[in-house]
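Here the structure comes first, spelled out in structure tokens, and everything after it is commentary.
The values are calculated or read from the model by the stated rules, or taken from the named source; none is laboratory data. Bear in mind that the values here come from a model prediction, so they are computed numbers and not experimental data. Glycine also receives a Cβ, built like all others from the backbone with ideal geometry; neighbour counts cover every protein chain displayed. The area values use the complete protein model at the heavy-atom level, side chains included, leaving out ligands, DNA and RNA. Shrake-Rupley method; radii C 1.70, N 1.55, O 1.52, S 1.80 Å.
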Amino acid sequence: MQLVTCGKENIRFWRVKEGHIPGRSVVLNSLAKQATFTCIAFEFNKLGRPYTPPDTPGVQQRMFVGTSKGKLLQLSYIDQSVQAVFSLHDDAITDICANEGCLVSASVDKYVRVWPLDFKSFYLHALHDAPVAGVDLSADGLQVLCCTADGSVGLLDLQSHSYTDLVHSHRGHISDLALSIVFQELATASTDGMLKIWSLMSMSQTHEFCIPEDVPAAIAYHPSKRHLVAVGFVSGTLRIFDIDGPAMLHELHSSAQAIVSLAFVEDGVKSGSQSRTQIVTCNAMGSLTFHDEACGFEAVRRPEHVPCVRPPDLCKAIACMPPYLLQYLDPHHAALFSFPSLDAMQKLRVQSTEICTLDLSFRGDYAVLGTHDARIHLFATSTGLPVVTYTLPSSPSTAIALVEPSRWGNSAIDAPPLVLAATADMLVRAAALPVEAPIRHGHRQQLQQPAAGTPLVEQCFIGHASAAHRVLLSQEMVVTASRSEIVCWSVSGGILEKHFHAAPERSTGSSHGVGFLAQDDLVSASNTLEHGIAASGTMPESATAWMSERSEEVDEAYDGQERAEDDDEEQESNEEVAHASRAEMLGTAIFPTVGFRPSVAASIAESNLRLRGVAGCTVLHSRQAFAWQPHPGILCHAIGCLAHVQRLMSAPAEGGPGQNSSRDLPGEEGALVASLPGAEALALDLDQSGRGLLVALSVERLGEGGVVWLSCWRLGDLACMCKRQLPQMYSCTGTSENRGESSVDESADVEPDSLPIVRMFGQGDRAVTAVALHGGAAGRVDVWSFHEGECLLQGSAEMAHAPLDLALLAPGSEEFLTLGRR
């Protein structure tokens, strides 16, 4: 077996022989001076011949190497010499692929070019919006897959010369987004200066606008049927875009400070036969400016400035739901104004800790404040009085949306308000809150069951690689967005329709109300937009997600709460029922049934949390651990301590040589989720031998006194076969003070190349781990065996360099290579 590597001023051939890897450099002469060789491709046919051409007469045994200067070297694989040099691009070649008929090159100059193997002239090329990072030919050689540095993916057809966009993306962080229920669209604004419009039905990009000299910070749709979107920029400029045009209609100077929030609302004041529509902008100093649509969106009013400080990063400065406007004042206060008169109504105060997010409910009945102590405070907008405080079981909220039932008559609310909160631990939590009194009356009735602050039903959902900072609602969909991705959740059971439109039917003597959140009401993560990617394609129809041990965290949160002594016996009985149910179901994301109404608890016992599918995860600017097995298409990625395993294609027939048995794989209906030991996954790998196994490295916390675990799992049911605590040196690598803490700031993460590495080899019964030592000056490799529920150390070796990667020489091989950095 021979290997070929390229790098700075060298191309080398290596031969694996008797445990040694002797190497030989290609004679490059002047070609090597100040040159960096970037990529390698062999002339081969994917349908039959292997990468290494056979030693048969008449076969072209050539290979190609790209350079940082846009040149291509053609080498002989036999005598290892340079045969020819061709100039293909004006900038660095980033990737090449070849078959027996053509070669495809990608470059930083944004071109993908298809060349005949005599390289006299390209016969097809495609220009992209960003540098092209990679290309690959299909097995039949008729299509080229292209990916760019901004995360976009496209398909070039060599027969029809057509180009199809598969995935679009933002190059920068997502700063804000807006949802149009009327047009079923999503608009995203990014720090790359781009405004993109996406169709919610197809999750594909329909329009885009570019303002390269400015950075958008806030965005909102026109509240009625005009297809307009308003965008506030850090320069203080307000721009109005006509999507149907497409064109920019207005460019207005709204403020000398950056616009941090804006609202596009109808204020209810009649102007002729229509309500007056206004844009309210808030700058970094808290100053408000009103722009009237009837006056061409010119500034018509600047109210007297209310002293306030800039809100925390990604927290809204204002939220408007006529007839109310909520504004952030300082870390402990928010002001509630009437709208549009802006008469001061109430000053809302939280004493415990600082405000991290705020919003108004969908109908304006509540003001919602999230604080750093993981609490959500609800205030009645009619009086400013606190209604209920809900304590999250883990980390503080980063975004909140609350929808109450439709108003009808003067009777009490039959369905509880539904709150969806994104939290700093990258989860999305849904809860039905026990607010049964009519808020408009300005007082709270005594809550009988459950106790105040305890949700009727609470669930959590995984899907984000970083904490979400926006939650948007429609009657059929929930959209959550972080800086790096957007997740669209479909909602079943009509739970939101009950809150959005028709008044609920009165409950007549039954033990349950209308509109409670059942466990399968929010079931699907249909598409994920990685860094703004609109992932297209058909999702699996259903997939079961077992969120094991998550409810144990909920138990711990509830154990600390005070309860009345006369309820102790009932509490213990209910907890036993809840724990028995979790043991049977491998865990759920539901709070224990303490305080549940009987019918709600029964419905939970009969159903399971279901995740339909996740696409586009863990690719761009993501530090999540992930693993991929191409056959039969198993994708595994981690979010925190949860490992999500999904089969993306049908399983092979049982009994085939070297193939997984269907009982060793996740079922066709879905994905499984396992809770790894510790708090966060560091590395994952799937065995290539066909036994259907997963090996994981997970950490309680890095640094002195930290604990790292090695565990092996069976894919069929994600049962843990064995686990072992690794030596202390594994937890001392890549130490970061913020590692293990849930934080929106991703800059505190450990560098990926400083984390431990794990690979499975042999017949899936062994694993090799590698870790950097002495600040990256050295490294260590350990070999482990899995036998009868135990994980045993077979051997160790020291290295003179820090390990960057481990590679098996062949599937099922007993030998592996280490890649290191001196």
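Take the residues in region 464-482 that are outside any strand (DSSP E or B) and buried (at least 22 other Cβ atoms within 10 Å of the Cβ); name whichever of them is modelled with the lowest pLDDT.
A465
Would you point out which residue out of L262, L249 is free of Cβ contacts under 8 Å to residues at least 60 places away in the same chain, of a type in the set (A, V, I, L, M, F, W, C), outside any loop (DSSP other than H, G, I, E, B) and open to solvent by 50 Å² or more (accessible area, probe 1.4 Å)?
L249
Working only within region 1-21, note down all residues that are outside any strand (DSSP E or B) and either more than 21 Å from T94 (Cα to Cα) or in contact with a Pro (Cβ under 8 Å, 6 or more places away or on another chain) (or both).
Selection gives M1, V16, E18, G19, I21.
When you scan region 399-419, do you find a residue that is under 27 Å from S180 (Cβ atoms), assigned to a loop (DSSP other than H, G, I, E, B), at pLDDT below 75 and of a type in the set (A, V, I, L, M, F, W, C), even just one? If you could, list the steps in order and put the result at the bottom.
Within region 399-419, the first condition is being under 27 Å from S180 (Cβ atoms), and the residues that meet it are 399-408, 415, 417-419.
Those left that are additionally assigned to a loop (DSSP other than H, G, I, E, B): 404-408, 415, 417.
Remaining after also requiring at pLDDT below 75: 405-408, 415.
Imposing the further condition that a residue be of a type in the set (A, V, I, L, M, F, W, C) reduces the set to 408, 415.
Among the residues of region 399-419, at least one is under 27 Å from S180 (Cβ atoms), assigned to a loop (DSSP other than H, G, I, E, B), at pLDDT below 75 and of a type in the set (A, V, I, L, M, F, W, C), which makes the answer yes.
Having 3 or more residues that are modelled with pLDDT of 90 or more is the bar; report the strands (runs of 3 or more DSSP E) wholly within region 103-182 that clear it. Break it down stepwise before answering.
Numbers: elements: 111-116, 124-127, 132-137, 143-148, 153-157, 163-167, 174-180.
By residue number, 111-116, 124-127, 132-137, 143-148, 153-157, 174-180.
Given the criteria in contact with a strand residue (DSSP E or B) (Cβ under 6 Å, 6 or more places away or on another chain) and among the hydrophobic types (A, V, I, L, M, F, W, C), does L314 qualify? Break it down into steps so the answer makes sense when it comes.
Details: in contact with a strand residue (DSSP E or B) (Cβ under 6 Å, 6 or more places away or on another chain): no; among the hydrophobic types (A, V, I, L, M, F, W, C): yes.
Judged against the criteria, L314 is not a match.
Conditions first: (1) under 20 Å from I11 (Cα atoms); (2) at pLDDT 90 or above; (3) crowded, with 18+ Cβ neighbours inside 10 Å. P53 passes all but one, so which condition is the exception?
P53 satisfies all of (1) under 20 Å from I11 (Cα atoms); (2) at pLDDT 90 or above; (3) crowded, with 18+ Cβ neighbours inside 10 Å except (2).
Quickly run through region 326-371 and pick out the residues that are small (G, A, S) and more than 29 Å from the chain's Cα centre (by Cα).
A334, A335, S338, S341, A344, S352, G364
Within region 212-245, which residues are more than 16 Å from A178 (Cβ to Cβ) and of a type outside the set (D, E)?
Scanning region 212-245 gives P212, V215, V234, S235, G236, T237, G245.
State whether the residues of region 68-84 include one that is of a type in the set (K, R) and under 30 Å from R15 (Cα atoms).
Yes, region 68-84 contains at least one residue that is of a type in the set (K, R) and under 30 Å from R15 (Cα atoms).
Name the one entry in D292, D242 that is farther than 23 Å from R470 by Cβ and either open to solvent by less than 20 Å² (accessible area, probe 1.4 Å) or among the aromatic types (F, W, Y) (or both).
D292
Determine which member of the set D343, D313, D267, D330 is open to solvent by 20 Å² or more (accessible area, probe 1.4 Å) and in contact (Cβ under 8 Å) with a residue 40 or more places away in the chain.
Numbers: D343 fails: in contact (Cβ under 8 Å) with a residue 40 or more places away in the chain; D267 fails: open to solvent by 20 Å² or more (accessible area, probe 1.4 Å); D330 fails: in contact (Cβ under 8 Å) with a residue 40 or more places away in the chain.
Just one listed residue meets the conditions, D313.
Regarding region 652-673, can at least one residue be identified that is in a strand (DSSP E or B), open to solvent by 10 Å² or more (accessible area, probe 1.4 Å) and at pLDDT 75 or above?
No, that holds for no residue.
Restricting attention to region 366-398, and to residues there that are among the β-branched types (V, I, T) and touching a Leu at 6+ places or on another chain (Cβ under 8 Å), which single residue is most open to solvent (accessible area, probe 1.4 Å)?
Only one residue tops the list, namely T389.
Quick check on T188: is it within 30 Å of I211 (Cβ to Cβ) and touching a Lys or Arg at 6+ places or on another chain (Cβ under 6 Å)?
Criteria met by T188.
Among the residues of region 787-798 satisfying the criterion of being open to solvent by 30 Å² or more (accessible area, probe 1.4 Å) and not charged (D, E, K, R), which is farthest from C722 (Cα to Cα)? Give the derivation first.
Filtering region 787-798 for residues open to solvent by 30 Å² or more (accessible area, probe 1.4 Å) gives 787-790, 792-794, 796-798.
Next, only the ones that are not charged (D, E, K, R) stay: 787, 789, 792-794, 796-797.
Numbers: H787: 9, G789: 5, L792: 10, L793: 13, Q794: 16, S796: 20, A797: 23 Å.
Among those that are open to solvent by 30 Å² or more (accessible area, probe 1.4 Å) and not charged (D, E, K, R), it is A797.
Any idea which of (1) within 21 Å of the chain's Cα centre (by Cα); (2) at pLDDT below 85 is the one A696 doesn't satisfy?
The one condition A696 does not meet is (2).
Taking the condition of being loosely packed, with under 12 Cβ neighbours inside 10 Å and closer than 23 Å to D267 by Cβ, how many residues in region 299-310 meet it?
Keep residues of region 299-310 that are loosely packed, with under 12 Cβ neighbours inside 10 Å, which gives 304-305, 307.
Adding the requirement that they be closer than 23 Å to D267 by Cβ leaves 304-305.
Here the count works out to 2.
Test G286 against the criterion of being at pLDDT 90 or above and within 23 Å of L358 (Cβ to Cβ), and give yes or no.
Spelling it out, G286 is indeed at pLDDT 90 or above and within 23 Å of L358 (Cβ to Cβ).
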